[in-house]
Amino acid sequence: MPKFEYAPAPESRSIVDLQASYGLFVDGEFTDGGGTAFKTVNPATEEVLAEVAEANEDDVDRAVRAARRAYDRVWGPMPGRERAKYLFRIARILAERSREFAVLETLDNGKPIKESRDVDVPLVSQWFFYHAGWADKLDHAGLGPNPQPLGVAAQVIPWNFPLLMLAWKVAPALAAGNTVVLKPAETTPLTALLFADVCRQAELPAGVVNIVTGAGETGRHLVSHPDVNKVAFTGSTPVGREIARAVAGTDKRLTLELGGKAANIVFDDAPMDQAVEGIVRGIFFNQGHVCCAGSRLLVQESVAEEVLDRLKTRMATLRLGDPLDKNTDVGAINSAEQLGRIRDLAATGDDEGADRWSAPCELPERGYWYAPTIFTGVTQAHRIAREEIFGPVLSVLTFRTPAEAIEKANNTPYGLSAGVWTEKGSRILAMADQLRAGVVWANTFNQFDPASPFGGYKESGYGREGGRHGLSSYLEASR
Amino acid sequence: MSTSLKAGLDRLPGVDQVGLEARAAQLGTRSIKTTSKQWAIDLAISMVDLTTLEGADTPGKVRALATKALRPDPTDPSCPAAAAVCVYPDMVPFVREVVGDRLHVAAVATAFPSGRAPIEVKLADTAAAVAAGADEIDMVIDRGAFLSGDLEKVHEQIVAVKEASGSAHLKVILETGELQTYDNIRRASWLAMDAGADFIKTSTGKVQPAATLPTTLLMLEAVRDYRIATGRQVGVKPAGGIRTSKDAIKYLVVVNEVAGEDWLDPDWFRFGASSLLNDLLMQRQKMLTGRYSGPDYVTLD
C-alpha cells in the first residue's frame, strides 16, 4: 500500500451542456443531416454521450455552396483588418470558455483533463490569436504583394487532437480569407460542434465556417466535391493516399499531414533525468495518439541499460485512469477499434522476439485502456520499429555512433519529427542538419507553437502548418 | 577518492534547466484533496525543523520555540510534534532542557551562515554544539572553495566536520542560491554525500533564492541515484522560503514521485522553516472543524 495515495480530484462535468443530439452546422444554422445519425461515446466509460447527424452527399453540397456564397459575398472581399477582428473575438471566446472546452474534449476523446486543460485548449486560442495577427499583414507573408485566398477549403481532421487540429486548419484558412467546410472525426465531433456555437457567439458571417459530421463517406464527398479549391487533411497515411488520388488531376491544392515513426535519440552525454522525461512526454503524451510521437527510442548502447532502468522507474509513477481526474497522466484509448489495432501490432512485437515491459498500473474495468508499454531488443527489422502504432507503445533500439543514429533514424518511410538529447550544442546542430524530419526537437519533445511550421517528409505528407509557411498553404501569390 | 574525485563528479549527467523546471512545475499541479491532504499536513508537521537563527535569540525565545515544537497545537493532543528544533550552538542547552530526548536538537555550526572561518574554528564550533547536546549538525560548505574549483578542500572539510560531529547526524548545507547553476548543485550534492553527509540541505535561509521546488527535485534525484549507486540512503532538507501548506504539499508530492515513498519520513526529509508550521496548523484546524480560524488561534513562536 503506497504511503501517499492522492484522493480523487475529478473535474466537474456540469459545466458542459451536453445535448442528446447534434446536427450539422451549415450556413450559420444547425440543421439535420440526411444520413444515418451515429453515436459518440466516452472512451473512458463507454457511455454514449450524444447522437450526431451524418452528412450525406447533399448535405456536403449544401455546406460547400454556403461556403462559396460566404466567400464570394462577404469573407473574400472583406478587408483583412475586419477579418482579424472576428478571429480575435473567436480567440477570446475560446479562452473564456476554456474550461467548458477542456471538459468536453476529455469526455469525447478520453485524454486526461490535465492535457486538454493545460495543452490543447490554450494552444487552440493561441492559434487563433496568432493568425488574427496575420489577417491584415498578408503582404508581409513572403508571397509578394497582395496574395489572394484560394476560395473554399475542405478540411478533414483526426480524433487525437479534435479541437487543436480544428484550430490548425480553420485559423490560417480564415486569416487568409478562405471559407471552410470542416469534417471532424466520427469518434470526436463534439468540440467542433461547440466551436460552431463560438462562431455564432462571435457573430461570424453565416457560411464562413461550416461543420459536417460523419465518417469516411462524408469525408470522401467533401474532398471530391468539384467546387472546393483546397483540401487539407490530417490523419493516417492510407487515407492520405486515397485523398491524394481523389484530388489528382484537379486544380485543388492539397496539404497532407500524415503518420510518423519518430526517432527520439538519446546520447551518452544527455541530461539524463530530463531525457527520461522527454521520452515519457514523447510517447505517452496523449496516450501516444500523436502523429509526431517519439515512438522509436534510439539510445546510445553505452547508456542503454541506465536509461531503461530510469525509464521504467519513471513509468511506474504514471497514473492511469479517469481522464476527468486532475491527477491522471494517462487517459483512455479513443475507441475500441484503435485499442484492437494497438493490441494487434504490439502482439507482432512479441511474435518477433522483442521483450515487452508494461507499467504496473491497474486498468479500469470499463472503457478502452492500454498500459504504457515498452519493447526492448527491437531492431529495424521488427514491424513495431517500422509501422506507426498510434498508442502508448515505445520501441527501444540502440546505436553506437552519431552516424549510426542518423542512419537508423532516417531509415523509415516516415519523416515527421525527431528528438535529440545531448549536452553538446554542436552535435545538436549537426544532427538537425542530417535528420530527415519536419521538426527536430533538441532536449525537449512534443512542443507546439503557432509560429513554428509543422509538417513532414516522405510518407508523413506534404505542406506545412503554422507560421508563415502554413499561411502560404492557404494563399496564392498574386500574378 | 582524491584524484578521481573531480573526474567522478564531472561524469555526472548534465541538468537541462528548462526540462527540470518544467517537471517541477508539472508535479506542482497535482491536486491534493481531503484525506490525502489531511495525511500530508500531519506528515509535514512531523518533518518541520522549527528554526530560529537570529542574532537576537535568547534562552527565553528558544525555550518558547522548543515548547511549541513539542506541542504545536496546545488545543489538540493528536497533533504530531515537529521533528527538531534548529538553533545556534550556544542556544542548544536551553532547547535540550525543554525537549529532553523527545525531539532532535539541531545546531547550525561551522561559522554559519558564511562559513568564512578557519577550519579549526569550524571544528571547534561543531564540537561545542555536540557537547552542548545537539544530535544534528547543520554545516555550510565553503562556497568560495567550490566556486574556485577546489572541490578537494570542500570534501576534506565535510569529512572533518563529520568526524567532529561524532554520532550526531550531519546535514550539509549547499547554499544553492550561491551555487547558481543546477549542474553545480548536482555536483555539490554528490560531493557532500561522498564525504559522508547524512542529509543534504538547500540553504541557510540567509541567501535568496533559498529552497525552490526544482532545486529540491534535483537533490532528490541525487539521493535516489546515490542510493542506487552505493546502497546508502541520504536525506534531503529544503530550507528557507517555504511558508504555506500548499507549498509544503507540493514538496511532498515531489518527494513521493521522484525519490520515492522511502523518503516520506522525517528521518529522510525535513523542512527547515519557522513560519510554515503555523500555516500547517491553521490548515489542520480548518480540515478538522470545517472553518478557518485566524492567527490568534495558533501560538506565537
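Being closer than 22 Å to A:Arg314 by Cα and either surrounded by fewer than 19 Cβ atoms within 10 Å (Cβ to Cβ) or away from chain A (no Cβ under 14 Å) (or both) is a property that B:Arg227 has.
Restricting attention to helices (runs of 4 or more DSSP H) lying wholly within segment A:230-318, give those where 2 or more residues are touching a residue at least 12 places away in the same chain (Cβ under 8 Å) and among the acidic types (Asp, Glu).
Working: elements: A:237-247, A:272-284, A:304-315.
Per the criteria, A:272-284.
Tallying residues that are among the aliphatic types (A, V, I, L, M), closer than 22 Å to B:Val234 by Cβ and within 12 Å of chain A (Cβ to nearest Cβ) within segment B:245-288 yields 7.
The set of residues in segment B:1-18 being at the interface with chain A (Cβ under 7 Å from one of its Cβ atoms) and either at positive phi or open to solvent by less than 20 Å² (accessible area, probe 1.4 Å) (or both) consists of B:Gly14, B:Val15. Scanning segment B:19-45 for residues that are facing another protein chain (nearest Cβ under 8 Å), open to solvent by 40 Å² or more (accessible area, probe 1.4 Å) and over 20 Å from B:Pro214 (Cα atoms) turns up B:Lys33, B:Thr34, B:Thr35, B:Lys37, B:Trp39.
Selection of segment A:120-138 for residues being open to solvent by 30 Å² or more (accessible area, probe 1.4 Å) and either within 20 Å of A:Val103 (Cα to Cα) or of a type in the set (D, E, K, R) (or both) yields A:Pro122, A:Gln126, A:Asp136, A:Lys137.
Within segment A:144-163, track down each residue that is surrounded by 23 or more Cβ atoms within 10 Å (Cβ to Cβ) and either in a helix (DSSP H, G or I) or within 15 Å of the chain's Cα centre (by Cα) (or both). Selection gives A:Gln155, A:Val156, A:Ile157, A:Asn160, A:Phe161, A:Pro162, A:Leu163.
Looking only at residues that are free of Cβ contacts under 8 Å to residues at least 60 places away in the same chain and outside any loop (DSSP other than H, G, I, E, B) in segment A:442-479, which one is nearest to A:Gly235 (Cα to Cα)? The extreme case among them is A:Lys458. Here B:Asp198, B:Asp247, B:Asp262 are screened, and the one residue that is surrounded by 21 or more Cβ atoms within 10 Å (Cβ to Cβ) and free of Cβ contacts under 8 Å to residues at least 60 places away in the same chain is B:Asp198.
So which of A:Val299, A:Val303 ends up being within 14 Å of another protein chain (Cβ to nearest Cβ) and in contact with a helix residue (DSSP H, G or I) (Cβ under 6 Å, 6 or more places away or on another chain)? If you could, list the steps in order and put the result at the bottom.
Numbers: A:Val303 fails: in contact with a helix residue (DSSP H, G or I) (Cβ under 6 Å, 6 or more places away or on another chain).
Only one candidate qualifies: A:Val299.
Scanning for something over 19 Å from the mean Cα position of the chain (by Cα) and within 11 Å of chain A (Cβ to nearest Cβ), does segment B:89-109 turn up at least one residue? Looking for residues that are over 19 Å from the mean Cα position of the chain (by Cα) and within 11 Å of chain A (Cβ to nearest Cβ), one finds none in segment B:89-109, hence no. All of (1) at pLDDT 95 or above; (2) more than 18 Å from the chain's Cα centre (by Cα); (3) farther than 18 Å from A:Phe390 by Cα hold for A:Ala477 with one exception: (1). Taking the conditions exactly as written (buried (at least 23 other Cβ atoms within 10 Å of the Cβ) and under 13 Å from A:Leu416 (Cα atoms)), does A:Ala232 satisfy them or not? No, not satisfied. When A:Glu82 is tested against the conditions (1) open to solvent by less than 10 Å² (accessible area, probe 1.4 Å); (2) over 26 Å from the mean Cα position of the chain (by Cα), the lone failure is (1).
Can you tell me which residue is nearest to A:Arg319 (Cα to Cα) among those in segment A:336-357 that are touching a strand residue (DSSP E or B) at 6+ places or on another chain (Cβ under 8 Å) and surrounded by 15 or more Cβ atoms within 10 Å (Cβ to Cβ)? Break it down stepwise before answering.
Initial filter on segment A:336-357 (touching a strand residue (DSSP E or B) at 6+ places or on another chain (Cβ under 8 Å)): A:342, A:345-346, A:349-350, A:354-357.
Then drop every residue that is not surrounded by 15 or more Cβ atoms within 10 Å (Cβ to Cβ), which leaves A:342, A:345-346, A:349, A:354, A:356-357.
Working: A:Ile342: 20, A:Leu345: 24, A:Ala346: 21, A:Gly349: 25, A:Ala354: 25, A:Arg356: 19, A:Trp357: 16 Å.
Restricting to residues being touching a strand residue (DSSP E or B) at 6+ places or on another chain (Cβ under 8 Å) and surrounded by 15 or more Cβ atoms within 10 Å (Cβ to Cβ), the top hit is A:Trp357.
Taking the criterion of being in contact with a strand residue (DSSP E or B) (Cβ under 7 Å, 6 or more places away or on another chain), over 20 Å from A:Phe195 (Cα atoms) and acidic (Asp, Glu), the only residue of segment A:1-58 that qualifies is A:Glu47.
Matching residues to (1) open to solvent by 20 Å² or more (accessible area, probe 1.4 Å); (2) touching a helix residue (DSSP H, G or I) at 6+ places or on another chain (Cβ under 9 Å); (3) modelled with pLDDT of 95 or more:
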position	(1), (2), (3)
A:Ala7	no, yes, no
A:Ser21	yes, no, yes
A:Gly28	no, yes, yes
A:Phe38	yes, no, yes
A:Ala44	no, yes, yes
A:Val52	no, yes, yes
A:Arg62	yes, no, yes
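Of the residues in segment A:288-302, none is of a type in the set (Lys, Arg) and open to solvent by 10 Å² or more (accessible area, probe 1.4 Å).
Rundown of residues vs (1) over 12 Å from A:Ile211 (Cα atoms); (2) within 14 Å of another protein chain (Cβ to nearest Cβ), yes/no style:
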| position | (1), (2) |
| --- | --- |
| A:Lys3 | yes, yes |
| A:Glu11 | yes, yes |
| A:Ser14 | yes, no |
| A:Ser21 | yes, no |
| A:Leu24 | no, no |
| A:Gly28 | no, no |
| A:Thr40 | yes, no |
| A:Thr45 | yes, no |
| A:Ala50 | yes, no |
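Checked against the criterion of being under 17 Å from the mean Cα position of the chain (by Cα), closer than 23 Å to A:Gln126 by Cα and open to solvent by less than 20 Å² (accessible area, probe 1.4 Å), the candidates A:Gly438, A:Gly467 yield just one match: A:Gly467.
Looking only at segment B:123-143, filter to residues that are of a type in the set (Gly, Ala, Ser) and part of a helix (DSSP H, G or I); which one of those is most open to solvent (accessible area, probe 1.4 Å)? The selected residue is B:Ala131. In this structure, is B:Thr51 within 20 Å of B:Asp265 (Cα to Cα) and more than 14 Å from every other protein chain (Cβ to nearest Cβ)? Criteria met by B:Thr51.
The values are calculated or read from the model by the stated rules, or taken from the named source; none is laboratory data. The shown structure was predicted, so the numbers you read here are calculated from the model rather than taken from an experiment. For neighbour counting, all protein chains shown are included, and Cβ atoms are generated from backbone atoms with ideal geometry for every residue, glycine included. Ligands, DNA and RNA are excluded from the accessible area calculation, which covers all protein heavy atoms including side chains. Shrake-Rupley method; radii C 1.70, N 1.55, O 1.52, S 1.80 Å.
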